[in-house]
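What follows is a set of notes on a single structure, which appears directly below.
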Amino acid sequence: MQLRRVVITGLGAVSPFGQGTERLFQALHDGESAVRYVAELETIRGLGPHLAGLVPDIDIKDVPRKIRRTMSPMSVYALLAAQEALAQANVDQQLRTGGRVGIALGSTVGSVETMEQFFDDFLKDRSIEGIKSMLFFKIMGHSCAANVAQTLGIAGRTLAPSAACATGCQAVGLGYEAIALGKQDIMLCGGADEFHPLTVATFDIIQAASTNFNDRPQCTPRPFDRDRDGIVCSEGAGILLLESLDSARARGAVILAEISGFASTSDASSIANPDPKPVQRCMELALAEAGLKAADIDYVNAHATGTIQGDEAESRAIGDLFGANTPVSSLKGHMGHAMAASGALELIACVKMLHAGKIIPTRNLDNPAMECSAVALPQQIENKDLRTIIKNNFALGGVNCAIVLRRFFE
């Protein structure tokens, strides 16, 4: 079966740096940190981390109440990002509602804040009398996808993957496949998540959260660094508008990049500890689908979250496949780990790097760890003629994802 070529024609972001893709990339380029002290976290008994990357200056009341009443903050973030991507791609209402536009948008879980409110009310006297009717739409697993589709009138397929930290990358891959197979012409793809202390607590309980820099927020996380001590949780939404090349040409859309390969595999060796071999296999499959060799890749955008085991395993996998000369960096040192949104936000940054011809280095990488030395780790911006990028995301539960991004050529 002949697969259709899939291109990117729109980008949208709400990140810990604020609203918009331009703000996101400028902050990354300038080496800013979005990590801040969060006083609320210090009030929780037994919780070690007191830091997070929170979305600033977004008032959810800017969304009309009729729409907002079924939305938690992450759905609002996703809607704002989707609107930005649609506007850039010049997709009008008639096209959105005609059935050839679909959505693949996931989150880690439904709104934890809303679930907390529900159980606060329910457990007082085991009564549902005070529960609001719209609450369920904020906590269902496909809340973001459904809310965005309803608001924008999207009539095509709705996909809502939930694969923790790999969600955003997997959603883009599923959208890519839907278009390549001719099931949809256009897909809004990405991930969204909202911050809650229990997310931080989850990583703290499994000893994967950063706790050594509470008095120096901007010094963590530290992907690939000798002094890395874990994840810093953040929030946001990233949306990419994918389109068949034929559709983009017919509409006269500006093509930003092409997706030429995707793979998603399972690491069945452990639910929590990554194995370099399955990680490497995932990247190999993505390259094979793109018809490329390892030597064709100009830059690897790593998942690297700043954990001891995760960064080492990914470094070994990348080093074994690409050698010691292909530049590798992680963007989580700048903005923390946005969970389900991370893959999409980082992929947006990769599109921007592709156009700018610049590789953004890993923030807080002051002393590269010996166990991560199998790869080239730039410590300042590198100017490079970028043609091909591979982007990785991996998740607890053994979910691996990799996407091959290319500069568009006729």
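Please treat every number below as a calculation from the coordinates, not as lab data. The structure displayed is predicted, hence computed values, not measured ones. Positions of Cβ are backbone-derived with ideal geometry, glycine not excepted, and every protein chain shown enters the neighbour counts.
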**Average Cα contact separation per residue, region 261-406, under 8 Å, 6 or more apart, as relative contact order %** = 37 percent
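Run the dipole for the chain about the Cα centre, Lys and Arg Cβ at +1, Asp and Glu Cβ at -1, nothing else charged, and hand back the magnitude in debye, nearest 20. Present the calculation step by step, with values, prior to reporting the outcome.
Working: 37 positive and 45 negative charges, 219 e Å.
So the dipole magnitude of the chain works out to roughly 1060 debye.
Residue 325 to residue 249: FRET efficiency via 1/(1 + (r/R0)^6), r the Cβ-Cβ distance, R0 56 Å, to the nearest 0.05? Present the calculation step by step, with values, prior to reporting the outcome.
Working: r = 36 Å, r/R0 = 0.65.
So, using R0 = 56 Å, E works out to roughly 0.95.
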**Asked** For the charge dipole of the chain, defined by +1 on Lys and Arg C-beta atoms and -1 on Asp and Glu C-beta atoms about the Cα centroid, which residue among 283, 159, 118 has the Cα displaced farthest towards the positive pole?
**Response** 159
**Complete:** Non-local residues with an amide H under 5 Å from the amide H of residue 397, with H modelled 1.01 Å from N and Pro and chain starts lacking one, are 272
**Asked** If the cut-off is a Cα-Cα distance under 23 Å, which lysines reach residue 138, setting aside same-chain residues fewer than 8 apart in sequence?
**Response** 61, 66, 124
**Prompt:** What residues qualify as long-range amide H neighbours of residue 257, i.e. H under 5 Å apart, gap of 5 or more or another chain, H built at 1.01 Å from N?
**Reply:** 8
**Among 99, 110, 130, residue whose mean-square fluctuation peaks in a GNM of the chain (springs only between Cα atoms under 10 Å)** = 130
**Unmatched cysteines, the chain - criterion: no other Cβ of a Cys under 4.7 angstrom** = 144, 165, 189, 219, 233, 282, 350, 372
**Principal axes of region 261-406: Cα extent on each, largest first, Å** = 39, 36, 29
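What number in nm² do you get for the chain if you take the convex hull of its Cα atoms and divide its surface by four? The partial results should precede the final answer.
Working: hull surface 77.3 nm².
Mean projected area for the chain: 19.3 nm², to one decimal.
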**Request:** List, in order, the whole-Hz ³J(HN,Hα) value for each residue of region 367-383 obtained from phi through the Karplus relation with A = 6.51, B = -1.76, C = 1.60 and θ = phi - 60°; use x for Gly and Pro.
**Result:** 9, x, 6, 4, 6, 10, 7, 6, 10, 7, 10, x, 10, 8, 4, 10, 8
**Protection-proxy order for peptides 216-223, 113-120, each taking the mean of Cβ atoms within 10 Å per residue, highest first** = 216-223, 113-120
**Prompt:** Roughly how many debye, to the nearest 20, is the charge dipole of region 7-251 about its Cα centre, given +1 on each Lys and Arg Cβ, -1 on each Asp and Glu Cβ, and no other charges?
**Reply:** 720 debye
**Prompt:** For region 7-251, what size does the Cα cloud have along each of its three principal axes, sorted from largest down, in whole Å?
**Reply:** 56, 52, 31
**MRE, 222 nm, helices only [DSSP H, n ≥ 4, -39500 (n - 2.57), over the chain, to nearest 500]** = -10500 deg cm²/dmol
**Request:** Measure off 7 Å from each Cα along the Cα-to-Cβ vector at residue 42 and residue 60, then give the distance between these two points in nanometres to one decimal.
**Result:** 2.6 nm
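Quick one: longest stretch of the chain between exposed loop trypsin sites (Lys or Arg not before Pro), exposed meaning at most 12 other C-beta atoms within 10 Å and loop per DSSP?
Counting at most 12 other Cβ atoms within 10 Å as exposed, the longest clean stretch of the chain is 133-292.
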**Request:** Determine the percent antiparallel among the DSSP beta bridges restricted to region 7-251, to the nearest 5.
**Result:** 65 percent
**Residue list for region 310-334, given a label point 7 angstrom along the Cα-to-Cβ vector of residue 26 and an amide N cut-off under 20 Å** = 334
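Taking the Cβ-Cβ separation of residue 4 and residue 215 as r and a Förster radius of 51 Å, what is the calculated FRET efficiency to the nearest 0.05? Please report the intermediate quantities before stating the final value.
Details: r = 53 Å, r/R0 = 1.03.
Result of the calculation: an efficiency of 0.45.
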**Contact order relative to length of region 7-251, as percent, for alpha carbon pairs under 8 angstrom and 6 or more apart** = 30 percent
**Unit charges at the beta carbon, dipole of region 1-105: most positive-side option, 27, 16, 101** = 101
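Placing unit charges on C-beta atoms (Lys and Arg positive, Asp and Glu negative, everything else neutral), compute the dipole magnitude of region 24-160 about its Cα centre in debye, rounded to 20. Each step should come with its number before you reach the end.
Values: 14 positive and 15 negative charges, 134 e Å.
Using only the charged Cβ atoms, the result is roughly 640 debye.
Among DSSP beta bridges whose residues both lie in the chain, state the antiparallel percentage, nearest 5.
Numbers: 42 of 59 bridges.
The answer is about 70 percent antiparallel.
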**Prompt:** Over the C-alpha atoms of region 117-221, what are the Rg and the largest Cα-to-Cα span, Dmax, in Å?
**Reply:** 18.7, 53
**Asked** Sequence-distant or interchain residues sharing an amide H contact under 5 Å with residue 159, placed H: which?
**Response** 103, 104, 105
**Prompt:** Between 337, 142, 196, which gets the highest mean-square fluctuation from a Gaussian network model of the chain, Cα cutoff 10 Å?
**Reply:** 196
**Message:** Can you classify region 39-140 as rounded, prolate or oblate using the Cα gyration tensor, where a ≥ b ≥ c are the square roots of its eigenvalues, rounded means a/c under 1.5, and otherwise it's prolate if a/b beats b/c and oblate if not?
**Reply:** oblate
**Asked** If the cut-off is 26 Å between C-alpha atoms, which lysines fall inside it for residue 277, apart from same-chain ones fewer than 8 positions away?
**Response** 293, 332, 391
